[in-house]
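Asker: Take a look at the following structure, please.
Each reported figure results from applying straightforward, stated rules to the coordinates on display, with no laboratory input. These numbers were taken from a predicted model, which means no experiment stands behind them. As a convention, Cβ positions derive from the backbone with ideal geometry for all residues, glycine included, and neighbour counts pool all protein chains shown.
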Amino acid sequence: MTRSWTLPILLGLCGAVIATGLFLARGSGAAAPVLLWFMLLAVVYSPVIFPRSISAQEARCRSTVDGRPVVFWRPGCKYCLRLRIKLGRDADQALWVNIWRDPAGAAAVRAVNGGDETVPTVVLAGRPYVNPDPGWLRDQLSAAVRNGGTAEDSGGCR
């Protein structure tokens, strides 16, 4: 879990140090925008903006039942962030697995990517897609919802 928060914490601390130096040298007018920018970056690169992560095992089970895609991701990945932002509200319909929190998820990603932890890796109907187009994934999510999958149901998995 701490690895997920390392980059956001460092961004926040660096922003605070730089803003403090600017505040002491030039006043709050120069410090505030810099601090705001670093805090925004810290939030963007944190796990906060991603839907709740579940285990790879639970994601596989739910996906088998309702056909929703499983998205393997990690905090700080710009491609994961791009996918998450471009999916918008539809992102909640996918099953998200943080590979830094779930060793089985990291192993699953390595298994389909030749030993590399390349994310985002999306698994749909047992087939992996590495860094898929967000528009394609949005279409797949819409199809899964039409076929009965929702983000709230567990599909009987536990």
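Asker: Take every DSSP beta bridge with both residues inside the chain and express the antiparallel ones as a percent of the total, to the nearest 5.
Answerer: On the way: 7 of 12 bridges.
Approximately 60 percent, going by the DSSP bridge assignments.
Asker: Ok, one more. Where does helix 103-112 land angle-wise versus the long Cα axis of the chain, in degrees 0 to 90, nearest 10?
Answerer: 70 degrees
Asker: Quick one: length gained pulling A16 to T64 fully straight, 0.36 nm per residue minus the C-alpha distance?
Answerer: My answer for the length gained is 12.7 nm.
Asker: Please report, in whole Å³, the volume per residue of the convex hull around the C-alpha atoms of the range 51-146.
Answerer: Values: hull volume 7.8 nm³, N = 96.
In the range 51-146, the Cα convex hull volume per residue is 81 Å³.
Asker: Which order do the peptides 125-133, 15-23 come out in when sorted by mean C-beta neighbours inside 10 angstrom, highest first? Walk me through the numbers on the way to the answer.
Answerer: On the way: 125-133: 13.1, 15-23: 15.8.
In descending order of packing, they fall as 15-23, 125-133.
Asker: List R26, R110, R89, R138 from most exposed to least, where exposure is judged by having the fewest other Cβ atoms within 10 Å. Display every interim value, and only then the final one.
Answerer: Values: R26 10, R110 15, R89 6, R138 18.
The order, fewest Cβ neighbours first, is R89, R26, R110, R138.
Asker: Next question, about the same structure. Percent relative contact order of the chain, based on C-alpha pairs within less than 8 angstrom and at least six residues apart?
Answerer: 25 percent
Asker: When W73, W37 are ordered from fewest to most other Cβ atoms inside 10 Å of their Cβ, what list results? Could the numbers behind the result be given before it?
Answerer: Details: W73 27, W37 14.
Lowest count first: W37, W73.
Asker: Helix 56-66 sits at what angle to the longest principal axis of the chain, using alpha carbons and giving 0 to 90 degrees rounded to 10?
Answerer: 50 degrees
Asker: Compute the helix-to-body angle for 78-87: its Cα long axis versus the longest principal axis of the chain, expressed 0 to 90° and rounded to tens.
Answerer: The angle comes out at about 70 degrees.
Asker: Now, a different point. Using the number of other C-beta atoms within 10 angstrom as an exposure proxy, rank I49, I99, I54 with the fewest first.
Answerer: I49, I54, I99
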